[in-house]
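The values are calculated or read from the model by the stated rules, or taken from the named source; none is laboratory data. Worth saying up front: this structure is predicted, and the values here are computed from it rather than measured. Note that each Cβ is placed from the backbone with ideal geometry, even for glycine, and that neighbours are counted across all protein chains shown.
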Amino acid sequence: MPYMENTGRFGTRALTLYGLCLFACGALFSVTVVEAGLFFVLAVLVFEKYREKDLAYFGRGLRANPLFKPWLVYLAVCLLTGLLAFNLKKGVGYFPSDLVKYICFSVLCLALRPGNLPAVSAFYAGAAALSAAAGISEALWGYVLHSDFHIRAGAFANPVRYGEMMVIAFTFVLSRVLAAPPERKVEKILYYGALALIPLAIAFSQTRGAYLGLIITVAGILVFEKAARKKLAPWLAVFAAAALALMMLNPAVRYRVTSIADGVRNAASVQSAQPVTPGHTADLTALATNIRLELWKVGFRLFKDHPLFGIGPANVGVVFKTYHPARLGELDNYGSLHNLYIHQLAERGILGLAALLFLFGSMFLLALKNFRASANPYTLWALALLPAYFAMNFTEISFQHVHTSFAVFLALAASYNSIQGTDA
């Protein structure tokens, strides 16, 4: 029967491609959709190998995964610190969230064949353009309603997560345009349209971490891809002019950019953030920075008291009020320290941070190795993206969120598979 074959519209390879395209779209819109795409692809792979009587394929594939050892170390530390957590149920209960990240990267490495990359990446770019348009519309509609830009672009996520998602997508689109300029008319509309929309969406997200990530990813392309420097120069001029115009026309964006240094200085002198009340005209940028600094102080105190194994995954919210009884901003309790590295120290101790840095370092070395093997849009995407992603985690815990971490794994798996040279 046709659906039992590897090829054809309903063959396992076609179904795998459909699932990967669903995954790529879901990475910009919905945790449920992206996870559905992932597990659909896994189910198709299991069915295919079961029919071929080759389930041992998965064992071979997992062992051959380029990040098998770093992931093994990281997951072992996650499980150990979970078993030693203050709240055992929460600590151990968080382990599936760590495990699914490894499953995601492994499945993508197994399923994302070189022949699938153009279609999957086109769906990803198209979804990014739609998400960017939705975010821009949201911010502009807020201006129509309130005559200001109080409403930030967020589309299908909170503005911070949205801004980070857009940076990841922008890195791919820019890499694609520079390393393999689109030739067909439909591709030009897709990629150049996305290239125009996504930076605006990032700007309207008013997320300073995303602004930083955008700068780092462009700098990464300039450093790693020397041949792209001349091509990138006109785009940089256009982006710089657009950014300047947007800052002049949009007070909210201008304030976000120009107040960063003052916000840090002001916040550093405050011991605890005050709650925002209706009609309050406080410097919200300094307030947000102040809250983060206070959270980081709590994180370091947690690490000082529990240096080796931490308090356990997902346990910050369990002990937070013990370490910070006073109200902080608008909340009494926090489950995130808004810095992945401090968060790891607090919840998993020095052992957890070391395992995380081992994994991150291995990810970057893999991206660098892939790029040196073949400078193509996918290897450039991963290599330019990772430093920006690591930097964005200094003000968020993005690695622990599906939207951003799965998109990064997509970039790294695409980079790895793009140099394999076979669809077998």
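For this structure, a couple of remarks:
- Test: residue in the stretch 180-193 that is modelled with pLDDT under 95, part of a helix (DSSP H, G or I) and surrounded by 19 or more Cβ atoms within 10 Å (Cβ to Cβ): no
Conditions tested, residue by residue: (1) surrounded by 18 or more Cβ atoms within 10 Å (Cβ to Cβ); (2) touching a residue at least 60 places away in the same chain (Cβ under 8 Å); (3) touching an Asp or Glu at 6+ places or on another chain (Cβ under 6 Å); (4) closer than 17 Å to Val73 by Cα.
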| position | (1), (2), (3), (4) |
| --- | --- |
| Asn339 | yes, no, no, no |
| Gly352 | yes, yes, no, yes |
| Ala355 | yes, yes, no, yes |
| Pro377 | yes, yes, no, no |
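- For the stretch 204-260, a tally of residues being of a type in the set (Val, Ile, Thr), at pLDDT 70 or above and either farther than 25 Å from Tyr389 by Cβ or assigned to a loop (DSSP other than H, G, I, E, B) (or both) returns 1.
- Conditions (1) in contact with a Lys or Arg (Cβ under 7 Å, 6 or more places away or on another chain); (2) in a helix (DSSP H, G or I); (3) more than 21 Å from Leu80 (Cβ to Cβ); number of the one not met by Phe320: (1)
- As for the stretch 69-90, it holds no residue that is closer than 18 Å to Ser418 by Cα, free of Cβ contacts under 8 Å to residues at least 60 places away in the same chain and either in contact with an Asp or Glu (Cβ under 8 Å, 6 or more places away or on another chain) or surrounded by fewer than 21 Cβ atoms within 10 Å (Cβ to Cβ) (or both).
- Flag for His338 being closer than 26 Å to Gly82 by Cβ, outside any helix (DSSP H, G or I) and either of a type outside the set (Phe, Trp, Tyr) or at pLDDT 95 or above (or both): yes
- Among the conditions (1) surrounded by fewer than 22 Cβ atoms within 10 Å (Cβ to Cβ); (2) touching a residue at least 40 places away in the same chain (Cβ under 8 Å), Phe390 misses just one, which is (2).
- Residue list for the stretch 20-45, restricted to those being out of contact with any helix residue (DSSP H, G or I) (no Cβ under 8 Å at 6 or more places or on another chain) and without any contact (Cβ under 8 Å) to a residue 60 or more places away in the chain: Phe39, Ala43
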